[in-house]
Each structure stands twice: as C-alpha cells, then as structure tokens.
Amino acid sequence: MSAFLATVTAALTSAVQPFADLYAASVPLQAGTSFLHFAGLLTGGGFAIASDRMLLRAARERDGGAQRALLRELDSVHRPVLVGLAVVFVTGLMLTAADIESFIGAPSFWFKMGLITLLLANGWWLGHNAEMMRRRPDRSARYWQLLLASSVLSLLLWFAVTLAGVLLTTA
C-alpha cells in the first residue's frame, strides 16, 4: 500500500471508528444493514431487469404505439430503481465504514465501485435517450437503438455488480 493510501486509510478509519465499534457490537445493525443492502439490490435490479426485458421484447414489435407505452412504463420504473440504488449506496457506505481497512485495499471493492459508477451512468444514458425519443420523434429509430443498447448493458451490469459483491465478501 502506498504511503498516501495508508495515510488516507488511517484517517478514514479514525473518523469512522465510533460507527465501526457500534457495528461490530450490534448483530441487529449488521443484519439490518446487510438485509437492506440486498433488498436495495433486489429492488433496483429487479425493476431494472424487468424493464430491460420489456425493452428487448418491444424491440421485435416495431410498433410506435407500443414504444410510446413502453416509454411511459420506463418513467414509472425509474423511481424504484433509484430508491434501490440509494439504499445500496447508503448501506454500502455503512458496510465499508465498518471495515475500511479490509475494503479500501481490495481490488474487488474498487471493481464493484467502478461497476456501480457504470450502472449509474448507463441509467442516466437510458433515461436521456428515452427523453430524446419523446422530444425528437423524427429520430426515434436512432434513440430506440440506443435504448436497446443501454438495456443490454444494464442487464450485464446488474449481474456484474452482484458478482462483484459476492467476490468482495468472499475475498
């Protein structure tokens, strides 16, 4: 570990030590945090995967009415996905704070953080393309293709984040 990383790790460990002590002494806090982390992943990922499936199915139909209906459905799915991701983010911070020294130096931790960043960026991109499809119906075929690409990437990223979490807990 580099001197800089060691200094940052020591400072962070010191700053969150009261929480780490509380976490270590409380089985209900540990269980609740883990449950909420998985529940957020299940909620956000479940809604996202279901909407990705709808997008991929609708791609075969080429029906403008079906596509507009799907865009409305995407709007309703966006909130539960964001809530799930927010829960994953907060509980992930808690899990990290409980054992910073183990996580900060683990490549699997940074791999998972990178995947989550990609997942968030892809979610933004998907939403952007859906909005552009509504605003620019003259270019809907192009935006539809971008939505489909985002959907495939979303599926891959949700499963990759799950795998990275498993790798992180078994490393």
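Things worth noting here:
- Span-like helix check, the chain: qualifying full DSSP H segments, with Cα axial length of 18 Å or more and mean Kyte-Doolittle of 0.5 or more, are 3-25, 27-59, 64-98, 140-170.
- FRET efficiency for the pair ARG79 and ARG136, taken as 1/(1 + (r/R0)^6) with r the Cβ-Cβ distance and R0 = 25 Å, rounds to 0.55.
- Of GLY45, GLY105, GLY84, the residue with the greatest mean-square motion in the GNM of the chain, using alpha carbon springs below 10 Å, is GLY105.
- Shown is the FRET efficiency for ALA121 and VAL166, computed with R0 = 22 Å from the Cβ-Cβ distance and rounded to the nearest 0.05: 0.45.
- Pairwise label distance in nanometres, ALA69 with MET113, each label 7 Å out on the Cα-Cβ vector: 4.4
- Of the residues LEU146, LEU168, the one with the fewest other Cβ atoms within 10 Å heads the list, and the complete ranking is LEU146, LEU168.
- Cβ-defined net charge surrounding ALA48, 14 Å radius [Lys, Arg +1; Asp, Glu -1]: -1
- Relative contact order computed over the chain (Cα-Cα under 8 Å; 6+ residues apart), in percent: 29
- Along each principal axis, taking the top coordinate minus the bottom one, the Cα set of the chain gives 57, 35, 26 Å in descending order.
- GNM remark for the chain: springs join alpha carbons under 10 Å apart, and the peak mean-square fluctuation among VAL87, VAL152, VAL27 falls on VAL27.
- Of LEU93, LEU157, LEU120, the one that fluctuates the most in a GNM where the chain has Cα springs shorter than 10 Å: LEU93
Taken together, the values in this text are just the output of simple stated rules run on the coordinates, not laboratory data. These numbers were taken from a predicted model, which means no experiment stands behind them. A quick note on method: Cβ atoms are made from the backbone with ideal geometry, for glycine too, and the neighbour counts reach across all protein chains shown.
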